[in-house]
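**Student:** Supplied in C-alpha cells, the structure appears directly below.
The values are calculated or read from the model by the stated rules, or taken from the named source; none is laboratory data. Here the structure is a predicted model, which is why all the values come from computation and not from measurement. In this analysis, Cβ positions are derived from the backbone assuming ideal geometry, glycine residues included, and neighbour counts consider all displayed protein chains.
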Amino acid sequence: MGDVWNLIIANPVLNVLIALSHILGGSFGLAIIALTIIIRLISWPLTKRQLKSSKALQDMQPKIQELQKKYGKNQQKLQQEMMKLYKEAGVNPLGCLWPMLIQLPIWIALYQAIMSALAATPESLLGLAHRLYSWDVVSQAIPLSSKFLWLDLGSRGDFLLAIIVGGTMWVQQKMTQAPAVDPRQQSTSRMMLLIMPLMFGLLSLSFPAGLGLYWAVSNIIGIITQYFVTGGWGYLKFRLPFQSKQ
Amino acid sequence: MGGWSGPVVHDGIIYVGSRDGRVVAINASSREQQWQWPDTDALRSLVYTTPKVLGDLVYVGTYSGLVYALTIDRGAERWVYPRTGSIGAIVGTPVVVNETIYISSSDGRVYALDTTFGDFKWTWPPLAEKPLAEKLWTSPAVKGDTLYVSTFDGHIYALSAETGELLDWSFEAEAGFASSPVIDEDTIYVGSFDRHLYAVKIGSDEPMWKFPQEEPAANWFWASPIVDEGIVYAGCLDGKLYAIEAKTGEKIWEFDAESPIVSSPVLIDNLLVVTDESGTVYVFNLGAEIGDEAVPLKTISIGADVKSAFWAQEGLVYIRGEDNQLYVVDIDKGEVSWKVSLTIEE
C-alpha cells in the first residue's frame, strides 16, 4: 500500500515540488505557492461546482428563511421542505465538502513531500535519493533551502503564519456561510465559523511551516476565486464606522 | 536513536559510536567492552561521525552540536567544546591535523580547536557573518596549510588552516556536492547531487572532468571516493562501483553491487574493500587482471544493513551494522569472524 501511495501520489508531488523549486530560482516557498496554484487549477471543476452551490444556496436564503419561519416548530417538516427546495433548485448542500475531501490526500502528500524534500536529517537526505526522478531540474535543485521570507519551511509554523492561516480561512468561510435565523442554528454556525479557522491556525503551529504556507495560499486563492465567481464578498459584510447596522 | 558512526581501530581497541547515542570501546582480542560513554542518558546524542584517535584521546562530534575529547583508556571526558551551549549539529567526521581538530557544523561554519585542551582557535565565517552554507554535513579535507570544504550549494572553498580565512580560490558547480572532498596531488575529487563525480584541479574554475562523461549515473555519488596509483574508486547510490582513470575521467571498470553504496571504499594493500547498503562486503584484488566488469575475489554478507564508514586492516574489516552490532569480517576466511552488540543493557 505504501509503495502504491509513493508511486502514484507522494513521489510525483515530491518531484514536481523540487522541480518547481529549481525553476523558480531555488525558492522552495515559491514552489509551494506554485504547486498550490496548480492544485487549485486541477481542482477547479470541483471548486466551480462548489461555488455555484454556494451561490445558489445564497440566492435561496429568502426562501429558506421563509420556510424556517413557517415550519420552525416542526423540524421534520422543515427538513422535508428544505430538501424539496434543494432538489427543485438542483443544489446539493453537501457538495461543498468534496473539494475538502479531495484535498485531504494532497495535504498528506504535501506534508510528506515537504518533510522529505527539506531533508532535515542526514537519514532523510539519504532516503530522498531513492525517491527522486532522473530529471536534471530535480538533481540540480537538491538539497533545498528551507528559508522563505521569515519562515523556516521545515520547522513548525509561528504565530504570524497561524494568524494568516486562521484569518484567511475565516474570511473564506464567512463569505459563503449564510446567517441562520433560528437562534440555536445561529450559535452553531457561529461556532462552526470559528472552529475551522482556529483548528487550522493551531495545526499551523504544530506542522511544518511549508504546509501552513500551502493552507494560507490556498485560502487566499479561494477568497479571490469566490469573489469573482460569486460576484462579491458574499456574506462577509464590511461596515465602516459611520455606516449604520442594517 | 540512530546515526551512522563508523568504527576506528587503534592499538587493539575498536572505538565506535552506537545507534543508541554512545561511544563504545571494545577490546579486539578479548572482544569485551572496555568502556562506554556517556554514563548519563542526558548526554547521549546521535553520532554520525567516526571517532578520531590522536595520542591518548579519542575525539567525537555529536548531532547535538558538541565536540568531545575522551581518554582512550577509560572514556573519561577530557574536554568538551563549546563549554556552554552548542554549535550546529555535527555530521561530518572531524579532521585532526597537527594538534588542531577541524569540524564542519550544521550552522554552516568550520571550527578549529586545539586538540589538547579543546581551546577555540578560529571559526570561519566568524559568528557575526553569513555562514559558508545553510549547513555543512561534509568533512573538510586538508592539504598542506589549506582546508578544502565542499558545500551542498555546490561550492568548494579553500580556507587557511592557520586562521580559517577564505583564500582567493573557490570553485562553483551547478549542483550541490553530496560527498566530502578527497585530495590527490593537486586535484579534488568530490561526488555531486547531479549524479556526477567531479575532478577539480585546485586553482581552476572549470572541472577537469565529470564522470560519467555522457549520461549521468542513476543516482548520487554520496560516499567520498578514494584514489590510489592514478585510479579513482567511487561508489554510487545506484549500486555501481567505478574505477576511473584519475587524469582523464575514463572508466576503467565497473561493478554492480545491486544495492546502494553509501560508504567509501577502503584499501588494504592491493585489496579493495567495498560494502553496500544491504550489508554485503565485496573484496577486489587490484593486483590481478580486471576487465571491463570487475569480479570480486570475495563476497561476504553480514546480514545487516550498512550506512556507516568501515575500517579495514590486517585482513579484517570492522563494520557497524544498522542493527547496532559491530561485525568483524575475516577476508581470508570469507566470513563474519565475530560480532558484538553495541546495545547497553539498562
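**Student:** Somewhere in region B:301-316, is a residue surrounded by fewer than 16 Cβ atoms within 10 Å (Cβ to Cβ) and among the aliphatic types (A, V, I, L, M)?
**Tutor:** For region B:301-316, residues surrounded by fewer than 16 Cβ atoms within 10 Å (Cβ to Cβ) and among the aliphatic types (A, V, I, L, M): absent.
**Student:** Let me ask something else about it. Just one of B:ASP39, B:ASP107 is modelled with pLDDT under 95 and either within 14 Å of chain A (Cβ to nearest Cβ) or within 27 Å of A:LEU126 (Cβ to Cβ) (or both); which is it?
**Tutor:** Sole residue among the options that is modelled with pLDDT under 95 and either within 14 Å of chain A (Cβ to nearest Cβ) or within 27 Å of A:LEU126 (Cβ to Cβ) (or both): B:ASP107.
**Student:** In addition: Which condition breaks for B:ASP269 when tested against (1) crowded, with 21+ Cβ neighbours inside 10 Å; (2) of a type in the set (Asp, Glu); (3) farther than 23 Å from A:PRO122 by Cα?
**Tutor:** So B:ASP269 meets the others, but not (1).
**Student:** Conditions: (1) at pLDDT below 75; (2) farther than 27 Å from A:ILE224 by Cα. A:ASN92 meets all but one. Number of the miss?
**Tutor:** With respect to (1) at pLDDT below 75; (2) farther than 27 Å from A:ILE224 by Cα, A:ASN92 is out only on (2).
**Student:** Look through B:GLU254, B:GLU258 and report the one residue that is acidic (Asp, Glu) and not in a loop (DSSP other than H, G, I, E, B).
**Tutor:** It is B:GLU254.
**Student:** Oh, and also: How about region B:58-94: which of its residues are surrounded by fewer than 20 Cβ atoms within 10 Å (Cβ to Cβ), not aromatic (Phe, Trp, Tyr) and not in a loop (DSSP other than H, G, I, E, B)?
**Tutor:** Once the filter is applied, which keeps residues that are surrounded by fewer than 20 Cβ atoms within 10 Å (Cβ to Cβ), not aromatic (Phe, Trp, Tyr) and not in a loop (DSSP other than H, G, I, E, B), region B:58-94 yields B:THR71, B:GLU77, B:ARG78, B:VAL80.
**Student:** Within the bounds of region A:46-66, is there any residue that is closer than 30 Å to A:ALA117 by Cα, in a helix (DSSP H, G or I) and β-branched (Val, Ile, Thr)?
**Tutor:** Scanning region A:46-66 turns up at least one residue that is closer than 30 Å to A:ALA117 by Cα, in a helix (DSSP H, G or I) and β-branched (Val, Ile, Thr).
**Student:** What is the number of the single condition among (1) buried (at least 18 other Cβ atoms within 10 Å of the Cβ); (2) free of Cβ contacts under 8 Å to residues at least 24 places away in the same chain; (3) not hydrophobic (A, V, I, L, M, F, W, C) that A:GLU123 does not meet?
**Tutor:** Just one mismatch for A:GLU123, condition (1).
**Student:** Oh, and also: Do you know which residues across region A:133-162 are outside any strand (DSSP E or B), facing chain B (nearest Cβ under 8 Å) and not hydroxyl-bearing (Ser, Thr, Tyr)?
**Tutor:** Passing the criteria: A:ASP136, A:GLN140, A:ILE142, A:PRO143.
**Student:** Turning to a different aspect of this structure: Select from region B:115-172 the residues that are among the charged types (D, E, K, R) and closer than 22 Å to A:SER146 by Cβ and write down the one among them that is farthest from the chain's Cα centre (by Cα).
**Tutor:** Selected residue: B:GLU129.
Quick grid of which residues meet (1) more than 14 Å from chain A (Cβ to nearest Cβ); (2) more than 27 Å from A:PRO122 (Cβ to Cβ); (3) of a type outside the set (S, T, N, Q); (4) in contact (Cβ under 8 Å) with a residue 12 or more places away in the chain:
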{"residue": "B:ASP228", "(1), (2), (3), (4)": "yes, yes, yes, yes"}
{"residue": "B:THR248", "(1), (2), (3), (4)": "yes, yes, no, yes"}
{"residue": "B:LYS251", "(1), (2), (3), (4)": "yes, yes, yes, yes"}
{"residue": "B:THR275", "(1), (2), (3), (4)": "yes, no, no, yes"}
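**Student:** Identify, by number, the condition in (1) modelled with pLDDT of 95 or more; (2) assigned to a loop (DSSP other than H, G, I, E, B); (3) not β-branched (Val, Ile, Thr) that B:TYR327 doesn't meet.
**Tutor:** (2)
**Student:** I'm trying to understand the selection: among the residues of region B:85-97, which are touching a residue at least 60 places away in the same chain (Cβ under 8 Å) and either under 15 Å from B:PHE120 (Cβ atoms) or away from every other protein chain (no Cβ under 14 Å) (or both)?
**Tutor:** Residue satisfying the conditions is B:VAL97 alone.
**Student:** Restricting to region B:293-324, and then to whatever is part of a loop (DSSP other than H, G, I, E, B) and of a type in the set (Gly, Ala, Ser), can you tell me which residue is farthest from the other protein chains (Cβ to nearest Cβ)?
**Tutor:** The qualifying residue farthest from the other protein chains (Cβ to nearest Cβ) is B:GLY315.
**Student:** Kindly evaluate A:LYS70 against the criterion of being in a helix (DSSP H, G or I) and over 29 Å from A:GLY232 (Cα atoms).
**Tutor:** The answer is yes for A:LYS70.
**Student:** A follow-up question, please. Could you go through region B:42-51 and let me know if any residue there is surrounded by 17 or more Cβ atoms within 10 Å (Cβ to Cβ), charged (D, E, K, R) and part of a loop (DSSP other than H, G, I, E, B).
**Tutor:** yes
**Student:** Among the residues of region B:162-194, count how many are touching a Leu at 6+ places or on another chain (Cβ under 9 Å), more than 13 Å from chain A (Cβ to nearest Cβ) and crowded, with 21+ Cβ neighbours inside 10 Å.
**Tutor:** Within region B:162-194, residues that are touching a Leu at 6+ places or on another chain (Cβ under 9 Å), more than 13 Å from chain A (Cβ to nearest Cβ) and crowded, with 21+ Cβ neighbours inside 10 Å number 2.
**Student:** While we're looking at this one, here's another question. Please go through (1) within 14 Å of another protein chain (Cβ to nearest Cβ); (2) without any contact (Cβ under 8 Å) to a residue 60 or more places away in the chain; (3) closer than 30 Å to B:LEU113 by Cβ for B:ILE202 and return the number of the only condition it doesn't satisfy.
**Tutor:** Here B:ILE202 clears every test but (1).
**Student:** Out of the residues in region B:1-22 meeting the condition of being in contact (Cβ under 8 Å) with a residue 60 or more places away in the chain and of a type in the set (A, V, I, L, M), tell me which one is nearest to the other protein chains (Cβ to nearest Cβ).
**Tutor:** Among residues in region B:1-22 that are in contact (Cβ under 8 Å) with a residue 60 or more places away in the chain and of a type in the set (A, V, I, L, M), the one nearest to the other protein chains (Cβ to nearest Cβ) is B:VAL16.
**Student:** Would you check if there is a residue in region B:10-19 being small (Gly, Ala, Ser) and on the phi > 0 side of the Ramachandran plot?
**Tutor:** Yes, region B:10-19 contains a residue that is small (Gly, Ala, Ser) and on the phi > 0 side of the Ramachandran plot.
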